[in-house]
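**Student:** Next up is a structure, given as structure tokens.
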Amino acid sequence: MRKGFILYSFIVFILIIIGVLTVQFHQMSRQAGAMAFRFEKSELVRQIAESAIDEAFAIFFSETKNINSEKFKFLFKHKKDSTLSFQLPIMEDFSPNSGDDLSFIASAMIIDFRDSDIYGNRLYPGEGVGTFQISVAAVLKQRTKIVAQCQITRHHDFRIISLVTSQKRKPYYATNFLLDYALFVRCGMREFQTSTPIKSSYNADNIQIVVRDQSQIPVEKRGKIFFGGTDIKKYLNDSPIFFNVAENFSQYQELFPKFVPKIIYTVPLSDCCNLFPSLRGFQNDLQGMTGVFEAQIGPIWKSQYSGAQGDYESKTKEGVKDALESFQCNTNPGVLQISDNGIMARDPAYAASILEGAIRQRFLYTVKFNLNLDNVGKISQSDKNKIKNDPAYKLFCLPIPKNPISNTNIKTFLTNLAQIDQRDAAKTLPLISRFEDNFLFTSKQQNFERRDGSEKDSYPSPQDFFRKDGGRMHPFDADFRPYAHGLLRSKTMDYFDIFKTSSVYDKAKGELNLRGITTVFDEVTFQGPNQGPVEFSGKGVIIADGFRILSGIKKKATAAPDDFCILYTRGGNITIDTTQEIEAGIMAVGDQGNVIVTKPLKLKGCLVVDYLQLENWANGKHTITYNPDLNRSSSEGDFFQIIPAPQITFQRITEDGT
């Protein structure tokens, strides 16, 4: 009996223990299941939140392309601690399971904004680098109960860049200040005065640079033409850059100032005898004789000189050259034509709207000297004709040459001619032939005679250039270069191979996707597929060690009308080896970069160089069509671009579940 009770009690105890363990196991299993469920949902929500915050950044990156978007305006104003709530359309359409309710709260906040570099130099107003915060909270509910929630907060930098500035930029350094120019030659005066090969000069008979007509573009948006060192108002340089007028320029005479060939001065018999000493022995018989100077102007270059007049002009030109030095002896036609529309190319108002500095034309001013014997009565008409036709009395009115004169008669004539020319202040025009370079590139409205010789004709001065560290900048300064603020560059790549695999350039498709300023520490080659052009969309600048352009560059048909491309190198070469049109701004400036043109150039954009170096250009006609989208009027204002950086500078994840 007792043993049975003990056995029974033991069995009951065992059953109780098993029951307790069963209950505990059941509870633990439920807790483990709940915990696994919670971890599963929490992990799911965290992954969803990460996808959501990636979408949030993608929305900012995409929508800030549009200057009218809410995201652009939010970052552009960059008011500290200001916030912006927005939707996540892709993630809000996502539902992980039926019966689950997934919601999102997305917002952005400005953390800070820096409008100066690490040295304290102020950036162009509106430009800078800031930090903004993106926060996304993902909440998962089943029925009305919160199952899991996750909030992710990230910080990203963003850059605000002025890609195109208006005319109101004074007195600040704007990285794109050279986009105002259709043609800008930084060391123009230096190159002009030191060019030794004829082809490297700005006057050459085998090269022509035509800046296409801009008369249909508003004056404020026209591309300027400037050669550094010719701004005589600032740099007190009396030497202009001149382009020799050629006869093959359409109606070239309309370039000239007003002047009709005529007698400009008369001297008495005594001066005639000083010029030609052989006349002194007949002085009594020549009473009444006078010397007459007759002047005219004409092109400095002709393809052919024919007849007596042609012979006279040709010999006069060679005689003037004998008295000049170096670059002044070059009589080839000027390479620059400011419009392919002949009427506009000769229009002084049009020229004044695009030319800056002392850019002038040079033409031939010739003076003939004749003996007038009409009032001489002591000799016969036959003797008069003999004197008139005697070659000894048909000398050219030339300056005294550099080299010694062996012919005594010529030496006496030129020496006494120079004295007569300097003697009489009453005369209005010089008595010696010369190359005239004191008139503007187009000067038909100026009067050739009403000048005292002290004029320094110049087109308007260029707008001031400014240093990134403040103060005005001379074109010859070592730090004269665009895009000098590395702080504002959005992408940097070490090699061209990386550039080809980036989102910027798809070599296989021949497509450029531009946004902001991209730097490549290598030479970049552009060649479109199937002998076609490289096509681009977006607005941006590529800075590289050099460029090889082997095909055209063209804006995509789907691109915005004002999209543009700028290719810039400081010390490398930009080699253009194509006859296709290149729709881009070409810049090789700041450290003696070179542009090498192996075929006739068709450029739609702008050309900015340290030196033209025309010896590196192919013979023929080269055209530059200015793109007015590179310049903005005062009413349009500056064009800014915002580039959010994908790099995460800070991240915080907060999770919660029940």
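The values are calculated or read from the model by the stated rules, or taken from the named source; none is laboratory data. Note that the coordinates shown come from a computational prediction; the quantities given were computed from them, not determined experimentally. Positions of Cβ are backbone-derived with ideal geometry, glycine not excepted, and every protein chain shown enters the neighbour counts. Heads up: the accessible areas ignore ligands, DNA and RNA and are worked out on the full protein's heavy atoms, side chains in. Shrake-Rupley method; radii C 1.70, N 1.55, O 1.52, S 1.80 Å.
**Student:** Which residue is modelled with the highest pLDDT, if the candidates are limited to region 397-425 and must be open to solvent by 40 Å² or more (accessible area, probe 1.4 Å) and among the charged types (D, E, K, R)?
**Tutor:** Top of the filtered list is 411.
**Student:** Going by what's in this entry, would residue 283 be described as more than 29 Å from residue 226 (Cβ to Cβ) and out of contact with any Cys (no Cβ under 7 Å at 6 or more places or on another chain)?
**Tutor:** Considered against the rule, which asks whether it is more than 29 Å from residue 226 (Cβ to Cβ) and out of contact with any Cys (no Cβ under 7 Å at 6 or more places or on another chain), residue 283 comes out as no.
**Student:** Checking residue 629 against (1) at pLDDT 95 or above; (2) outside any strand (DSSP E or B); (3) charged (D, E, K, R), only one condition comes out false. Which one?
**Tutor:** Failed condition: (1).
**Student:** Give me the residue from region 636-652 that is open to solvent by 70 Å² or more (accessible area, probe 1.4 Å) and not in a loop (DSSP other than H, G, I, E, B) and, out of that set, nearest to residue 162 (Cα to Cα).
**Tutor:** Within region 636-652, the subset open to solvent by 70 Å² or more (accessible area, probe 1.4 Å) is 636, 646-652.
Still in the running and not in a loop (DSSP other than H, G, I, E, B): 650-652.
Values: 650: 27, 651: 30, 652: 33 Å.
The qualifying residue nearest to residue 162 (Cα to Cα) is 650.
**Student:** Being touching a Gly at 6+ places or on another chain (Cβ under 9 Å) and crowded, with 18+ Cβ neighbours inside 10 Å is the filter here; which residues of region 360-396 pass it?
**Tutor:** 361, 362, 363, 364, 365, 366, 369, 371, 373, 376, 396
**Student:** Which residues, taken from region 110-121, are part of a strand (DSSP E or B) and out of contact with any Lys or Arg (no Cβ under 9 Å at 6 or more places or on another chain)?
**Tutor:** Answer for region 110-121, where residues must be part of a strand (DSSP E or B) and out of contact with any Lys or Arg (no Cβ under 9 Å at 6 or more places or on another chain): just 114.
**Student:** State which residue is nearest to residue 433 (Cα to Cα) when the search covers only region 394-418 and only residues that are in a helix (DSSP H, G or I) and in contact (Cβ under 8 Å) with a residue 60 or more places away in the chain.
**Tutor:** First, pick out the residues of region 394-418 that are in a helix (DSSP H, G or I): 408-418.
Next cut, in contact (Cβ under 8 Å) with a residue 60 or more places away in the chain only: 409, 412-413, 416-417.
On the way: 409: 18, 412: 17, 413: 14, 416: 15, 417: 11 Å.
Residue satisfying both the conditions and the ranking: 417.
**Student:** Let me ask you something else. Filter region 92-116 down to residues that are under 17 Å from residue 78 (Cα atoms) and charged (D, E, K, R) and give me whichever is modelled with the lowest pLDDT.
**Tutor:** 115
For every residue, the table says whether it meets (1) closer than 30 Å to residue 569 by Cβ; (2) of a type outside the set (Ser, Thr, Tyr).
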residue: 413; (1), (2): no, yes
residue: 446; (1), (2): no, yes
residue: 462; (1), (2): yes, yes
residue: 467; (1), (2): yes, yes
residue: 471; (1), (2): yes, yes
residue: 474; (1), (2): yes, yes
residue: 483; (1), (2): yes, no
residue: 490; (1), (2): yes, no
residue: 512; (1), (2): yes, yes
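**Student:** Under 8 Å between Cβ atoms, which residue pairs at least 6 apart in sequence (or on different chains) link something in region 635-651 that is without any contact (Cβ under 8 Å) to a residue 60 or more places away in the chain with a partner that is assigned to a strand (DSSP E or B) and surrounded by fewer than 16 Cβ atoms within 10 Å (Cβ to Cβ)?
**Tutor:** Qualifying pairs under 8 Å: none.
**Student:** List every residue pair whose Cβ atoms lie under 7 Å apart, where the two residues are 6 or more positions apart in sequence or sit on different chains, the first residue falls within region 437-449 and is acidic (Asp, Glu), and the second residue, located anywhere, is open to solvent by 40 Å² or more (accessible area, probe 1.4 Å).
**Tutor:** Once the first residue is acidic (Asp, Glu) and sits in region 437-449, its partners that are open to solvent by 40 Å² or more (accessible area, probe 1.4 Å) give 449/428.
**Student:** Would you tally the residues in region 595-616 being at pLDDT 95 or above and not β-branched (Val, Ile, Thr)?
**Tutor:** 9
**Student:** Within region 582-602, take every residue that is free of Cβ contacts under 8 Å to residues at least 24 places away in the same chain and open to solvent by less than 10 Å² (accessible area, probe 1.4 Å) and give me the one that is farthest from residue 187 (Cα to Cα).
**Tutor:** Across region 582-602, the extreme among qualifying residues is 586.
**Student:** Which residue pairs have Cβ atoms closer than 6 Å, lie 6 or more positions apart in sequence or on different chains, and pair a first residue in region 2-14 that is exposed (fewer than 10 other Cβ atoms within 10 Å of the Cβ) with a second residue that is modelled with pLDDT under 75?
**Tutor:** none
**Student:** Moving on to the next point. Take residue 349 and decide whether it is farther than 30 Å from residue 285 by Cα and open to solvent by 50 Å² or more (accessible area, probe 1.4 Å).
**Tutor:** Taking the combined requirement at face value, the residue satisfies it.
**Student:** Conditions first: (1) of a type in the set (S, T, N, Q); (2) assigned to a loop (DSSP other than H, G, I, E, B); (3) open to solvent by less than 60 Å² (accessible area, probe 1.4 Å). Residue 428 passes all but one, so which condition is the exception?
**Tutor:** The one condition residue 428 does not meet is (3).
**Student:** Give the residue that is farthest from residue 641 (Cα to Cα), with candidates limited to residues of region 83-134 that are buried (at least 20 other Cβ atoms within 10 Å of the Cβ) and of a type in the set (Gly, Ala, Ser).
**Tutor:** 106
Conditions tested, residue by residue: (1) under 30 Å from residue 101 (Cβ atoms); (2) open to solvent by 10 Å² or more (accessible area, probe 1.4 Å); (3) modelled with pLDDT of 90 or more; (4) assigned to a loop (DSSP other than H, G, I, E, B).
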| residue | (1), (2), (3), (4) |
| --- | --- |
| 141 | yes, yes, no, no |
| 158 | no, no, yes, no |
| 173 | no, yes, no, yes |
| 182 | no, no, yes, no |
| 190 | no, yes, no, no |
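**Student:** Which one is modelled with the lowest pLDDT among residues in region 356-376 that are hydrophobic (A, V, I, L, M, F, W, C) and in contact with a Phe, Trp or Tyr (Cβ under 8 Å, 6 or more places away or on another chain)? Reasoning before the result, please.
**Tutor:** Keep residues of region 356-376 that are hydrophobic (A, V, I, L, M, F, W, C), which gives 358-359, 363-364, 367, 369, 371, 373, 376.
Checking the rest, the ones that are also in contact with a Phe, Trp or Tyr (Cβ under 8 Å, 6 or more places away or on another chain) come to 358-359, 363-364, 367, 369, 371.
On the way: 358: 87, 359: 90, 363: 91, 364: 92, 367: 94, 369: 92, 371: 92.
Among them, the one singled out is 358.
**Student:** Name, by its number, the condition in (1) farther than 25 Å from residue 272 by Cβ; (2) modelled with pLDDT of 85 or more; (3) in a loop (DSSP other than H, G, I, E, B) that does not hold for residue 344.
**Tutor:** (3)
**Student:** Is one or more of the residues making up region 350-373 hydroxyl-bearing (Ser, Thr, Tyr), closer than 27 Å to residue 403 by Cα and assigned to a strand (DSSP E or B)? Spell out how you get there, then give the answer.
**Tutor:** At the first step, the residues of region 350-373 found to be hydroxyl-bearing (Ser, Thr, Tyr) are 350, 353, 365-366.
Cutting the leftovers down to closer than 27 Å to residue 403 by Cα gives us 365-366.
When the remaining residues are screened for being assigned to a strand (DSSP E or B), the result is 365-366.
Taking every residue of region 350-373 in turn, at least one turns out to be hydroxyl-bearing (Ser, Thr, Tyr), closer than 27 Å to residue 403 by Cα and assigned to a strand (DSSP E or B).
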